[in-house]
Structure formats: C-alpha cells, structure tokens
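Just below is one structure, and these are the notes that go with it.
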Amino acid sequence: MPASVRPPRPTRAEFVHWTTSTTRWADMDGFGHMNNARYFELIDTAIDLHLQDAIGGAVDTLDQIGLFAEIGCRFFQEVGYPAPIDLGVVADHVGRSSIIYRVGFFQGGSEEAAAEGRAVMVYVDNTDPARPSTALPDVVRRAAESVRG
C-alpha cells in the first residue's frame with residue numbers, strides 16, 4: 001500500500017478481547033480532546049487486562065517481562081466526556097520474543113473505531129540486569145495466540 005493511502009478505519013469485528021473504561025474530566029485538554037497520554041495509558045491497560053484475564057493473574061510475577069519497544073495511535077474522531085469507551089484487543093503478530101497488538105477505541109455503539117493504538121511488546125529477561133530479549137513465556141504465548149486476528 002503506498003504511504004499516501006491511509007489504511008481503513010478498523011471495526012469492532014477485528015478485535016477479540018474487550019474491556020471498558022470511562023473518560024474522566026481530567027482526561028480532557030483545554031480544547032475538549034482526550035489527552036494523547038491517556039490514549040497510551042488505555043492501550044497499556046487494555047493489553048495488561050487481556051494478559052491478566054488470559055493467565056489468571058498479574059504478569060509481573062514472571063521472570064520475563066514485556067516492554068513497549070514501539071507504540072503509536074491513529075485518530076479518526078474525538079472521544080467524548082463523560083462516556084464509556086469499549087477497548088478491543090487483537091494480536092496481529094506473535095513472534096519468538098515479541099507481540100504486535102492493536103487496541104481499538106469505540107464509543108457510543110459505533111462499529112467503527114474512534115482511534116486505534118498499535119504496540120510492539122518485546123519480552124526481556126528481568127533477572128538479568130542487561131535485560132536481553134528472550135523467548136515469550138509459554139503462558140504469554142498462549143494468551144497472545146488466544147486473541148490472534
């Protein structure tokens with residue numbers, strides 16, 4: 001696809017795991033937009049909640065931890081306050097040591113995303129101070145495969 005052609009707006013049907021969050025007054029900036037930092041918090045939260053649900057607990061107890069190597073967000077329409085946001089998660093790629101997730105932001109029953117986050121999570125050995133990349137823990141691999149698109 002040429003760089004000048006924007007990929008299509010994602011729909012609910014593309015996402016597998018769902019959670020809901022709520023916009024807060026503090027999330028909004030002076031222009032009435034949700035702050036970009038809040039989008040990134042919600043991307044992290046949606047992925048973390050998926051992993052917690054899939055493995056039955058917190059992921060920070062593992063010797064291998066996932067770190068964001070890359071994160072971004074595409075915006076299609078404003079997210080309003082006060083209103084719930086449905087957050088959909090899908091894994092586009094599950095590799096040896098990394099997972100590429102997308103998180104869709106949906107509000108007001110719309111079938112089209114208001115925004116879409118993309119995060120590359122690389123797993124590292126948290127027992128080694130140098131934190132070299134390492135293979136995905138089996139429990140994390142199974143969790144990612146369960147939301148593979």
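Using +1 on the beta carbon of Lys and Arg, -1 on that of Asp and Glu, and nothing else charged, what's the dipole of the stretch 12-145 about the Cα centre, debye to 20?
100 debye
Enumerate the calculated ³J(HN,Hα) couplings along the stretch 61-72 in order (Karplus 6.51 cos²θ - 1.76 cosθ + 1.60, θ = phi - 60°), each rounded to whole Hz, writing x wherever the residue is Gly or Pro.
8, 7, 6, 9, 10, x, 10, 6, 8, 7, 8, x
Give a quick list of chymotrypsin sites (Phe, Trp or Tyr not before Pro) in the stretch 6-88 that DSSP marks as loop, anything other than H, G, I, E or B, with at most 13 other Cβ atoms within 10 Å.
In loop regions of the stretch 6-88 (DSSP not H, G, I, E or B), the sparsely surrounded chymotrypsin sites (Phe, Trp or Tyr not before Pro) are Phe31.
Normalised by the number of residues in the chain, what is the relative contact order in percent for Cα pairs under 8 Å and 6+ residues apart?
30 percent
Compute the Rg/Rh shape ratio of the stretch 10-68: radius of gyration over Kirkwood radius, all on alpha-carbon atoms.
We get a ratio of 1.05 for the stretch 10-68.
Suppose we flag trypsin sites (Lys or Arg not before Pro) only when DSSP calls them loop and at most 11 other Cβ atoms lie within 10 Å. Which is the longest uninterrupted stretch of the chain?
Value returned for the longest uninterrupted segment is 25-95.
How many Å³ per residue does the convex hull of the Cα positions in the chain occupy?
Cα convex hull per residue, to the nearest whole number: 136 Å³.
If R₀ is 30 angstrom, what is the calculated FRET efficiency for the pair Ala37 and Arg9, using the beta carbon separation as r and rounding to 0.05?
Given R0 = 30 Å and the Cβ-Cβ separation, E is 0.85.
Work out, step by step, the length gained on full extension between Glu112 and Glu145: first 0.36 nm times the residue separation, then minus their alpha carbon distance; give nm to one decimal.
9.5 nm
Here, each number is a calculation from the coordinates, and none is a lab measurement. Because the structure is a prediction, the values reported are computed rather than measured. We place every Cβ from the backbone using ideal geometry, glycine too, and count neighbours over all the protein chains shown.
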